[in-house]
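Working notes, structure below.
Taken together, the values in this text are just the output of simple stated rules run on the coordinates, not laboratory data. Everything quoted here is computed from the prediction, not taken from an experiment. Using ideal geometry, Cβ is built from the backbone for each residue, glycine included, and neighbour counts are taken over all protein chains shown.
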Amino acid sequence: MRYISAPWRADYVRQSLPMKQCIFCEARKRRDDRAATVLARGRYNFVLLNRFPYTPGHLMIAPKRHVADFDAAGPGARAELAEILRTALRVLRRAYAPQGFNVGMNLGASAGAGIAGHYHFHVIPRWTGDSNFMPLVGGTRVFIEDLDTTYQKLRPLFDQERRRRERAGRAERRTASLSR
Ligand SMILES: [Zn+2]
């Protein structure tokens, strides 16, 4: 897997955050989804934008519970995570037509996790040669799209996906009750 090389980024993220608070717990608690860049909330997990994106549409899926170890995730949370990941990939494909994705976790500070106490999946859309067209500003690669633009693009798509799942769920329940 070819990853964008940005070794300075972890330090940058660590330095720019007050040490005591957890960005995931803070975002989960906020009522204003847009301000918190929360794109979707499931039963066990939620989706939010990365404030220091590698590429536009770089988002994260995190459990609502503050847990460091993926092993601590229950079966419901794990199953839902897979569903949310699938939705996230669909949404990002529609919004950005990327040529590929990096999907993964950094578990533990030595593995490069910026926030080691609360595990999270990164979902990063990729294009061939994208590391070349990102300008380097103040030691950090940035994109031309601001966070709110990304949010406005992705939120309606996540909402659509939720409604589609709800319709499918209702149809499934109807079929189940008919066949009883
Ligand atoms: Zn947390």
Quick one: net charge of Q99's neighbours, Cβ under 9 Å, K/R +1, D/E -1?
0
If the chain between R30 and R173 were fully extended at 0.36 nm per residue, the gain over the current Cα-Cα distance would be 48.2 nm
Within the range 43-138, list the trypsin sites (Lys or Arg not before Pro) lying in a DSSP loop whose Cβ has at most 12 other Cβ atoms in a 10 Å radius.
R43
With 0.36 nm assigned to each residue of separation and the Cα-Cα distance removed, A111 to E145 gains 9.4 nm
If R0 = 25 Å, then N102 and Q21, at their Cβ-Cβ distance, give a FRET efficiency to the nearest 0.05 of 0.40
